[in-house]
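What follows is a short report on a single structure.
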Amino acid sequence: MPVKLAWWLKEHQFSEYHEIEIVREADRVFEAIKQVDISQSRIIRILFRIRGLPQGMSNFYGFLENGFILLEENENEEIIFGFLIGWTGLAKMSPDEFKQLQDRNYIKGVWNFKLTPMGEKTSLSTETRVYCPTMLSRVRFSIYWFVISRFSGLIRIIMLRLIKKQVELSPQYVKAN
């Protein structure tokens, strides 16, 4: 269980976890997480369009530009994003404000990419956790989660596979001896 996610979000009612093994060192995988273009996947493009997500959410920087918060970045180890869902969409704030926020009008979420080195291989996992502060927000989100969780999981799985493909097949990620 990623301890750092628990530090950013003490409680959660919803979560999702996926993992993949990549035949490259963690530093190469870490680099690829930031570079991969998830819009390469037709399925992701369609699912994003259905959900009404911006086309700009096609990579690491696109998520940050469209409302996600970079909470923590530990090179070759983990990247943690935060997101706050309010009545008008995603709210943007600093990591400190995110950590301290107690406003019951926001659903709080964290999402990570965690790298576990295994010699010349790396285990790359992604986990999403969501906390709903009120019974009403929990009921509403559970309906949303029931509908979207399979598709959200599929998006995460495809993201991991795209990162794996990019790292394992592109010569730029081969370590020079």
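The values are calculated or read from the model by the stated rules, or taken from the named source; none is laboratory data. If you're wondering where the values come from, they're calculated on a predicted model, not measured in any experiment. These accessible areas exclude ligands, DNA and RNA; they are computed on the full protein's heavy atoms, side chains included. Shrake-Rupley method; radii C 1.70, N 1.55, O 1.52, S 1.80 Å.
Figures for the structure shown
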{"read-out": "Cα extents of the range 1-89 along the three principal axes, largest first (Å)", "value": "35, 33, 21"}
{"read-out": "Accessible surface of the range 5-128 [probe 1.4 Å, protein heavy atoms]: carbon and sulfur percent", "value": "48"}
{"read-out": "Projected area averaged over orientations for the range 49-105, convex hull of C-alpha atoms, nm²", "value": "4.8"}
{"read-out": "The range 32-133, relative contact order in percent, only Cα pairs under 8 angstrom and at least six apart counted", "value": "18"}
{"read-out": "The chain - accessible surface per residue (Å², probe 1.4 Å)", "value": "55"}
{"read-out": "Inverse of mean 1/r across different Cα pairs in the range 31-131, Kirkwood, Å", "value": "14.8"}
{"read-out": "Per-selection metrics, the chain (Cα): Rg and Dmax in Å", "value": "16.3, 57"}
{"read-out": "Under-21-angstrom lysine pairs by C-alpha in the chain, whenever the two are 8 or more apart or on separate chains", "value": "26"}
{"read-out": "Kirkwood hydrodynamic radius over Cα pairs of the range 118-158, then Stokes diffusion coefficient at 20 °C and 1.002 mPa s, in µm²/s", "value": "173"}
{"read-out": "P(r) weight above 16 Å for the range 1-52, C-alpha pairs, percent", "value": "67"}
